[in-house]
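The next block holds one structure in the form of structure tokens; read it before the comments.
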Amino acid sequence: MAVDKRSARLGVLATVSLLLLGLLGTRLWFLQGVRADYYQKKVTAAKTKTVYIPAERGRILDAKGRVLADNQRILTVAVNWSVIRNEKNRLDLFTRLSNPLKVPVDDLMRRYEPCYPRKPPCGKAQLYDTLLPLPLKEDVDESTVTFLKERSEDYPGVEVVEQYRRVYPYAPLAAHVVGFMGAINADNLKSYVLQGYKRNERVGQFGVELSLERELHGQWGKRVYEVDASGSIVRELTDERVDPVAGFDVQLSIDLDVQQYAEQALESELRNRRNLPTDILNNDPAPHNPLDRLTNYTTRVYAKLLPDGTRVEYPEWVQHKAPAGSVVVMNHLNGQILAMASYPTFDNRWMEAGISGAKYKQLFPRTNPDGSKIDPDQSILVNRAVQGNYNLGSTIKPFVAWSAMHAGLITANTVWNDQGTYTLQSIDPSDCQQNGGIARCIFKNATNRKTLLPSSYGPVTVSDALAVSTDTFFYSLGERFWMLSEDLAGQESLLKTNLARFGFGSKTGVQLPFEWKGRIPDDAVKKALVDKGVLAKGEVPRLVVGDNVQVAIGQGLMAATPLQLADAYATLANGGFLLQPTIVKAIYAPLTPDAAPGVAALDKGVIVKSFDRPSIRDSLEMPPEVLSPIIDGLHRVIRGKGVTYGSIGYHATTGENLFKGFPLNIAGKTGTAQGAATLPWNDSSVFGAFSLDDSLPYTIVSYLEKSGYGSKAAAPVTKCVFLAIAKKVTTDPVQVSDPLDPNSPYPAPPKALADQKCLGGSTGIKD
């Protein structure tokens, strides 16, 4: 019996042993067969060291080859991650490095552990790639490098690596276009890593640096070295060498000479509008309050009734805020943009200056010192040319005129009897405000400063209406479009459809980030605004006619960007071709040689892709009988003549006084976008114009926020820029910028025209 039990136990032990041997054999087979490659790589990795080599980023050039964004080789002190995994060793090494690097120990610790000295998790992700040495300080001087190399045994794992730093030689010129770079944020990290980026790379954050990041970036290279047990390099494994590939060079269509002048003219005029004299002298240009309908016409006081019935009076003369603006200069034959100015601006060198968080908050605050929200008018990191959300005022009228003639509502010879006011015909009188309803049914022309009554122009054609900018002519067209749409129930608003053909309500597709698509109001837009609480829920669908009436003069819910407006005017200038605007002229193969320091030899570069050929988005029907009266009216805005009617007699066009003696043949339209609460000091100034000279194929749009009438602020800027392009005025030479002042409290140095005579002149007429 005992023998049987012993035999049974031995049998069990033998079975278990066989099972264990089987499992061991299976494991060995798995390791030697299935996972052999994996473990071979682990062994190889332990015997090798991979050094990744950064690629030189492509340069950004202006139209003449001047380098707007360049690369500077810098030395960076870094340390191997494996050396500092142990907390005690890490603290010891960083303590000894703090003095020669002139970096606090805590800052070095936070490079390794972003949450330091707090315990994770703290919501901060590691910024640095563990496949690369941990950078401890960028842009160190040669003396520091020598010090560390001579004492390498005291600083184990510490090495000096070459990197590139982005430099902007002409900053802050064209800062909104060129853009800047910054660290990869957590939201985009995965996407960038999948594209072959390293975690601690700097990438484009704004402007062309962002929109053309893939073209500019290049490809990393690497060197693989065999190392001994101590980690010392034995030899390079040349068969695993990968050379870095530099990024493509990007040539912009921006001409620095025009860009600089546009920025100077814009800033100069904005400053002038903010600093108008307060004393009223002969024809003082300070903003004058047109008298409201609630004011008796014998007292020069501007008055409003608040919703609660309170009467508020405002002084006759008020200073303009004039906080911001933009200028767009576009070649209307190929869509290339010569200049795109946005104010207020910034110096993109600050983003590469290694400034502290406190300094960054000083330059680019998110809140005021008291904690209140920053005035959006003062926003700096906004390219207003492509991001501005603006009413267009009367600059929309040429496109409404085309729409009306294209739809057959009017012809060039149709006469409208302008008596200064327009009353809606399609609204039930009981819905009108004057009868206790909620609908505004009476619309007026701008107040004439001589009569203090709405201006009246008598019998006018479409050319007359554009020349003197009568509103009632276009109010009537707005209502007729709405009535036509009502007759065609279920179809898209005809006015919206026609305006959309000029590019309004959709992005232009320019190679810049954050472009706003604009807005053409319709029932869907209105409902969305009601849902957001922007519009009153009491508005009923039949009152949407008011939207069309307001759109017809560029007010209300209609909004666009200055670039969209420039593209639309370019369409008139070139005879009906809606072009794709481009900020890029060409993309060159990497490492375009230099003709001189800071200037690329474009003739010796290799063009990979050219944008010289225009890209047509739409072709609009513009027969002479439609286009000619529009061009004639816009030409009269500049040259005259106006119209003669009523007690005033001769009514000048909105630009003829400003452009007296102007040496260039241009056509254009002034506009005043009504501001908040319809208070005149909140009005914004806009002017769109294009050359009628084939040798000067340019369209220019200027938009100055809260700066008054279009003829007073925006038109002078456009006038000056045209003169500069035609070389009729002296311009400052474009020079490399002075060194950045790290102690400056300003995001960008002020700019102004040396000679501001071209800004002079004013019509004193709204619109």
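The values are calculated or read from the model by the stated rules, or taken from the named source; none is laboratory data. Note that this is a predicted model, so its numbers are computed, not measured. Every residue, glycine as well, gets a Cβ built from its backbone with ideal geometry; the counts of neighbours run over all protein chains shown.
So here's what we get for this one:
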| read-out | value |
| --- | --- |
| Residue list for the range 660-676, restricted to those being of a type outside the set (S, T, N, Q) and surrounded by fewer than 24 Cβ atoms within 10 Å (Cβ to Cβ) | Lys660, Gly661, Phe662, Pro663, Leu664, Gly675, Ala676 |
| Per-region count, the range 71-104, residues closer than 18 Å to Gly354 by Cβ and either within 37 Å of the chain's Cα centre (by Cα) or not polar (S, T, N, Q) (or both) | 14 |
| Residue selected from the range 144-173 under the condition surrounded by fewer than 13 Cβ atoms within 10 Å (Cβ to Cβ) and hydroxyl-bearing (Ser, Thr, Tyr), by the criterion nearest to Trp350 (Cα to Cα) | Thr146 |
| Residue list for the range 588-606, filter: out of contact with any Leu (no Cβ under 8 Å at 6 or more places or on another chain), of a type outside the set (Gly, Ala, Ser) and within 17 Å of Arg57 (Cα to Cα) | Pro590, Leu591, Pro593, Asp594, Val599, Val606 |
| Filter result (surrounded by fewer than 19 Cβ atoms within 10 Å (Cβ to Cβ) and more than 30 Å from Pro716 (Cβ to Cβ)) within the range 621-639 | Glu621, Pro623, Pro624, Glu625 |
| Single residue of the range 59-101 satisfying the filter (over 30 Å from Gln336 (Cβ atoms) and basic (Lys, Arg)) that is surrounded by the fewest Cβ atoms within 10 Å (Cβ to Cβ) | Lys88 |
| Residues within the range 443-466 that are without any contact (Cβ under 8 Å) to a residue 60 or more places away in the chain and in contact with a helix residue (DSSP H, G or I) (Cβ under 7 Å, 6 or more places away or on another chain), tallied | 1 |
| Residue in the range 24-38 that is loosely packed, with under 14 Cβ neighbours inside 10 Å, part of a helix (DSSP H, G or I) and at pLDDT 80 or above present | no |
| Failed item, numbered, when Tyr698 is tested on (1) modelled with pLDDT of 95 or more; (2) among the aromatic types (Phe, Trp, Tyr); (3) surrounded by fewer than 19 Cβ atoms within 10 Å (Cβ to Cβ) | (3) |
| Positions within the range 129-143 being surrounded by 19 or more Cβ atoms within 10 Å (Cβ to Cβ), touching a Leu at 6+ places or on another chain (Cβ under 8 Å) and part of a loop (DSSP other than H, G, I, E, B), in sequence order | Val140 |
| Cross-chain or 6+ apart pairs with Cβ under 6 Å, the range 707-719 first and more than 18 Å from Val329 (Cα to Cα), then assigned to a helix (DSSP H, G or I) | Ser707/Arg273 |
| Filtered residues of the range 555-604 (kept if in a loop (DSSP other than H, G, I, E, B), buried (at least 21 other Cβ atoms within 10 Å of the Cβ) and within 22 Å of the chain's Cα centre (by Cα)) | Met558, Thr561, Pro581, Ile583 |
| Residue in the range 106-123 that is farthest from Asn89 (Cα to Cα), counting only those that are in a loop (DSSP other than H, G, I, E, B) and not charged (D, E, K, R) | Gly123 |
| Residue in the range 99-115 that is free of Cβ contacts under 8 Å to residues at least 24 places away in the same chain and more than 30 Å from Trp350 (Cβ to Cβ) present | no |
| Looking only at the range 374-424, and only at residues there that are among the polar types (S, T, N, Q) and part of a strand (DSSP E or B), the one that is surrounded by the fewest Cβ atoms within 10 Å (Cβ to Cβ) | Asn417 |
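Table: residues versus (1) crowded, with 16+ Cβ neighbours inside 10 Å; (2) in the same structural domain as Ala652 (by TED's automatic domain parsing); (3) out of contact with any strand residue (DSSP E or B) (no Cβ under 9 Å at 6 or more places or on another chain).
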residue	(1), (2), (3)
Ser685	yes, yes, no
Ala689	yes, yes, no
Ser707	yes, yes, no
Ala714	yes, yes, no
Val721	yes, yes, no
Val729	yes, yes, yes
Asp741	no, yes, yes
Pro747	yes, yes, yes
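Here's the yes/no breakdown for (1) touching a residue at least 12 places away in the same chain (Cβ under 8 Å); (2) assigned to a helix (DSSP H, G or I); (3) under 21 Å from Tyr170 (Cα atoms); (4) under 14 Å from the mean Cα position of the chain (by Cα):
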{"residue": "Met330", "(1), (2), (3), (4)": "yes, no, no, no"}
{"residue": "Ala339", "(1), (2), (3), (4)": "yes, no, yes, yes"}
{"residue": "Thr345", "(1), (2), (3), (4)": "yes, no, yes, yes"}
{"residue": "Gln362", "(1), (2), (3), (4)": "yes, yes, no, no"}
